[in-house]
1. Does B:Phe18 fit the bill of being surrounded by 15 or more Cβ atoms within 10 Å (Cβ to Cβ), in a strand (DSSP E or B) and out of contact with any helix residue (DSSP H, G or I) (no Cβ under 9 Å at 6 or more places or on another chain)?
2. Can we say B:Ala134 is within 14 Å of chain A (Cβ to nearest Cβ), of a type in the set (Gly, Ala, Ser) and crowded, with 21+ Cβ neighbours inside 10 Å?
3. Restrict the check to region B:46-59 and report whether at least one residue is free of Cβ contacts under 8 Å to residues at least 12 places away in the same chain and β-branched (Val, Ile, Thr).
4. I'd like to check which helices (runs of 4 or more DSSP H) are fully inside region A:98-196 and have at least 2 residues that are touching an Asp or Glu at 6+ places or on another chain (Cβ under 8 Å).
5. Can you find even one residue in region B:56-70 that is part of a loop (DSSP other than H, G, I, E, B), away from chain A (no Cβ under 12 Å) and not acidic (Asp, Glu)?
6. Take B:Asn149 and decide whether it is within 14 Å of chain A (Cβ to nearest Cβ), buried (at least 23 other Cβ atoms within 10 Å of the Cβ) and part of a strand (DSSP E or B).
7. Looking only at region B:81-94, decide whether some residue is part of a loop (DSSP other than H, G, I, E, B), more than 11 Å from every other protein chain (Cβ to nearest Cβ) and touching a residue at least 40 places away in the same chain (Cβ under 8 Å).
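The values are calculated or read from the model by the stated rules, or taken from the named source; none is laboratory data. Not measured: the values here are computed from a predicted model. Cβ placement follows ideal geometry from the backbone for every residue including glycine, while neighbour counts extend to all protein chains displayed.
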Amino acid sequence: MSAIDPSLIRFEETVSAGANWSHVLKRGSTLRITDTEGGANVAALLYNFELLSERLNVPDTLKCQHTARLTKGHCLYTDMGRILVSITDDTCGWHDPLGGWSTAKIVEAKYGVKNYQTARNDWHRNAHDNFVTELGKYGMDERDLAMNVNFFSKVTVDDAGRLIFRPGNSKAGAFVDLRSEMNTLVILNTCIHPLDRAPTYAPKPVKLAIYTSPPPAADDYCRNFRAENQRGFILTERYFL
Amino acid sequence: MSTLTESTLDPAKAACDFTILAGEPWIHVIKMGQAFRIEDLEGNQAADTLFFNAADPVDRYSAHDTIMEQGAIYLTTGTKLMSTRGNVLLTITADTCGRHDTLGGACACESNMVRYAIENRSMHACRDTFLLGARQMGLGKRDLAHNINFFMNVPVTPDGGLTFADGISAAGRYVEMRAEMDVIALISNCPQLNNPCNGYNPTPVRVLIWN
């Protein structure tokens, strides 16, 4: 549970429940996402800001690290063999790369429609529409969608391949640190996980802090987490040569 | 493991019967109602496959919408192959292999460098094949999302492990689908030599279409 040195913090911001956020996370900085209340879900997409067709590739990320869950030590890869962000700290322990995003259909089927006209900013929102909206601000559209990560959510797979959502995975105060290894366009929202069976529509807010962090050293934990990551860091560093 | 389901369709009556060599693309429109079969001719051969709504290719196969729709990660008989806009592109109607992967993605020169060795950049890979095949229908990199790996075995364990395991397919096994709308099928017959997905020996697959 490491506190951030206040002198390193560039800015902090709160993302309210069900809302959108985006930022180009510069190389040499780290994004800390804190689940302030517990039970948050942060659906996130990542792109190389300099080449937006290069995007987070979840299958490549999972198969090169032999994992179907994400935690400290794991790196999030693009389709070009490079690392967008690495997970340098994590007090939650399991982030879901399988479940995808909620849609208007899923939210309506579970919780009905609550439109802006009647509910103002407590209206029912979904991760798909939020992604498309936020991508549009960067000149991107549906073609740029790819599988996302759901931070703070846990989905397990049983022997028959069935997906099981595990409520209570993230406690109040849990955080995850994403160190940017490239200039990474982060598109995220705090919409519910599509497999969340909570009886009421109750997305949660998160707190964000962006702070200055040193380049990964030779003995960096993520770099040495697997031999694949050593090569991933080499390829990422070559991109900047 | 799911129950195996056979088809009654006769290959001699197919409207299209084509063999895709390893390392080559195949792109073809399959009309609504047609039956589409992919056969693993020699065994343990991954057929990396993408589908698009032929009327609007922005509406394309979505791996996570497909696993969400059925609540499970492996594809087999009964699986509805879902699009990004929530449409059913095709339904799997027969399967003599048992299960197919949609989490492993396609191999790429760049991911091979990460997974195996930086010197492996020049080895042929599916994503190169996809790019070559896609352009025949005016599609490009942004259209290439996460694919299906027919005949490939990528088990996920309850504690979150994921591996590329030995294939469970064999010579003559097939998967058959019914097109629920006009779709574009794009296949890369996988040239991967670095892992067991092709038994270290990429071989041809056969595609058949019935009216």
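1. Criteria not met by B:Phe18.
2. Yes: the conditions hold for B:Ala134.
3. no
4. Correct list: A:127-136.
5. no
6. The answer is yes for B:Asn149.
7. Yes, region B:81-94 has at least one match.
So that you can scan it fast, the table gives a plain yes or no per residue for (1) touching a helix residue (DSSP H, G or I) at 6+ places or on another chain (Cβ under 8 Å); (2) more than 14 Å from chain B (Cβ to nearest Cβ); (3) modelled with pLDDT of 95 or more:
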| position | (1), (2), (3) |
| --- | --- |
| A:Ile4 | no, yes, yes |
| A:Asn20 | yes, yes, yes |
| A:His23 | no, yes, yes |
| A:Thr30 | no, yes, yes |
| A:Thr36 | no, yes, yes |
| A:Gly39 | no, yes, yes |
| A:Ala43 | yes, no, yes |
| A:Thr71 | no, no, yes |
